[in-house]
Amino acid sequence: MENRLPFFDITAQPGGRRRREDPASFEYTCPAEITSVYSLTGTEKLYQIRIIDQAQRNHFSFQPGQFVMLELPGIGEAPFSISSSPTRHGDLELCIRAVGNFTNFLSRVERGAKVGLSGPFGTHFPVEEMHDQDILFIAGGLGIVPLRSPLLTVLENRSRYRRIDVIYGARSPAELLFTYQYAEWRRFDINLGITVDQPDTTWDGRTGQITEILRERIRESASLADHTFAIVCGPPVMFRFVCDMLTGAGLPMQKMFVSLERRMHCGRGKCCRCNIGSTYTCLDGPVFDYWSVMNLKEAI
C-alpha cells in the first residue's frame, strides 16, 4: 500500500502552515459530499460540504483564514478559503463566485455531488491573540468570505473580546453576502455597519465608502494603539486606504491582518502566479500582518 501523509495532519508546521518543502502534504484527497447549495447572489453560492468518512470528519480541524483545495473529479481543482466556523470540523462552508471554467462548472453542481478535499493549508488569523481587545472586521465585496470564519469564531467566544465592529461594503445591495445573518450577528452585541456604493430603490441603508464608517469609528477612540486589532479583507486597492487610516489612528501594522487569497491560483506553489519575489501567497499566506505586506513589493 502506498505510504502517504496522514490527511489533515497539520502539526508539522507552527500555526498549521503547509510549506512548499512538504510536497507530500498535497498528495491525499479526502472524499466528500456537497450536502447543500444556497444561492446568495446572482454569482455567489454557499456550498455546505461534508467529509464522508466519520473518522476523517472527526479528525478534521482548521484555523480561521485557512483554505482547502476543492476537487471536482474529471474537471480539476482550485483553492478556496473556508468561511464557516472551525467548531464545525468536517462540515465546511465554501462561498464561491462563478468566474471561470472550474467555478462555472461548480455552479451547476447539485446537492449530493461527490467532491474531493485536501488541506487545510495556509496561515490563519490569530484570534487567540486578540483576547481582551477590540476587533475591527473590515470587508469589501467578496472579502466578507474569508472574514466570516474569524468573525464566527469571535462571536462563539464573545465574552473573551471587548468591542467588536464589522464594517462591510459592496457595490450594490444585490451583491451583499450573508444578509440572512446580519440580525443574528447583531444579537452578539456588535456594531454592524453596512454600506453600498450604488443603492437601488429598495435600499434604505447607508450609501458610500466603508472608509466613511471607519472614519466615524476612529473618531470615537482617542487611540487604537493599545487595545485594538484589525482584520481587513477585500480588493487589494482597499488595503491601502483602510490600513493607512488605521495607521494614522495609531494602530500598529503588526496588529492589522489581511488575506491575500485573491492572488492564489493553483494553491500549490507551482503556477507561480501568486509569488511576490520568494514569497508565495498560497504557501506563505494567505494571511499576513500588514507590516509584512508593506515589505512585499507589489503585494497590493
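So that you can scan it fast, the table gives a plain yes or no per residue for (1) outside any strand (DSSP E or B); (2) among the polar types (S, T, N, Q):
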{"residue": "PHE105", "(1), (2)": "yes, no"}
{"residue": "VAL115", "(1), (2)": "no, no"}
{"residue": "PRO120", "(1), (2)": "no, no"}
{"residue": "THR123", "(1), (2)": "yes, yes"}
{"residue": "GLU129", "(1), (2)": "yes, no"}
{"residue": "ILE135", "(1), (2)": "no, no"}
{"residue": "ALA139", "(1), (2)": "no, no"}
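Here GLY143 fulfils each of the conditions (1) outside any helix (DSSP H, G or I); (2) at pLDDT below 95 apart from (1).
Quick one: PHE67 ticks every box in (1) surrounded by fewer than 22 Cβ atoms within 10 Å (Cβ to Cβ); (2) out of contact with any helix residue (DSSP H, G or I) (no Cβ under 6 Å at 6 or more places or on another chain); (3) modelled with pLDDT of 90 or more bar one, so which box is it? PHE67 satisfies every listed condition except (1). Would a scan of the stretch 50-63 turn up a residue that is assigned to a strand (DSSP E or B) and either within 15 Å of the chain's Cα centre (by Cα) or not assigned by TED's automatic domain parsing to the domain that holds ARG158 (or both)? There is at least one residue in the stretch 50-63 that is assigned to a strand (DSSP E or B) and either within 15 Å of the chain's Cα centre (by Cα) or not assigned by TED's automatic domain parsing to the domain that holds ARG158 (or both). Does the stretch 218-226 contain any residue that is on the phi > 0 side of the Ramachandran plot and in contact with a helix residue (DSSP H, G or I) (Cβ under 7 Å, 6 or more places away or on another chain)? No, there is no match, as no residue in the stretch 218-226 is on the phi > 0 side of the Ramachandran plot and in contact with a helix residue (DSSP H, G or I) (Cβ under 7 Å, 6 or more places away or on another chain).
Any chance the stretch 90-108 includes a residue that's touching a residue at least 12 places away in the same chain (Cβ under 8 Å), surrounded by fewer than 17 Cβ atoms within 10 Å (Cβ to Cβ), out of contact with any strand residue (DSSP E or B) (no Cβ under 9 Å at 6 or more places or on another chain) and under 18 Å from GLY65 (Cβ atoms)? Taking every residue of the stretch 90-108 in turn, none turns out to be touching a residue at least 12 places away in the same chain (Cβ under 8 Å), surrounded by fewer than 17 Cβ atoms within 10 Å (Cβ to Cβ), out of contact with any strand residue (DSSP E or B) (no Cβ under 9 Å at 6 or more places or on another chain) and under 18 Å from GLY65 (Cβ atoms).
Suppose we keep only residues that are under 17 Å from LYS45 (Cα atoms) and part of a loop (DSSP other than H, G, I, E, B) within the stretch 76-103. Which one would you say is farthest from the chain's Cα centre (by Cα)? Once the filter is applied, the top-ranked residue is GLY100. State whether one or more residues within the stretch 172-192 are part of a strand (DSSP E or B), in contact with a Leu (Cβ under 7 Å, 6 or more places away or on another chain) and at pLDDT 95 or above. Within the stretch 172-192, not a single residue is part of a strand (DSSP E or B), in contact with a Leu (Cβ under 7 Å, 6 or more places away or on another chain) and at pLDDT 95 or above.
Against the list (1) in contact (Cβ under 8 Å) with a residue 60 or more places away in the chain; (2) buried (at least 16 other Cβ atoms within 10 Å of the Cβ); (3) among the β-branched types (Val, Ile, Thr), the condition THR87 fails is (2).
crowded, with 22+ Cβ neighbours inside 10 Å and touching a residue at least 12 places away in the same chain (Cβ under 8 Å): is that true of SER118 in this structure? Answer is yes for this residue.
Report yes if THR247 is at pLDDT 85 or above, in a helix (DSSP H, G or I) and over 17 Å from the mean Cα position of the chain (by Cα), otherwise no. Against the criterion (at pLDDT 85 or above, in a helix (DSSP H, G or I) and over 17 Å from the mean Cα position of the chain (by Cα)), THR247 qualifies. Over 19 Å from the mean Cα position of the chain (by Cα) and β-branched (Val, Ile, Thr): is that true of THR211 in this structure? In short, yes.
Checked against the criterion of being modelled with pLDDT of 95 or more, polar (S, T, N, Q) and in a loop (DSSP other than H, G, I, E, B), the stretch 154-163 contains one or more residues that satisfy it.
The values are calculated or read from the model by the stated rules, or taken from the named source; none is laboratory data. All values reported here derive from a predicted model rather than from experimental measurement. Heads up, the Cβs are rebuilt from the backbone with ideal geometry, glycines too, and the neighbour counts pull from every protein chain shown.
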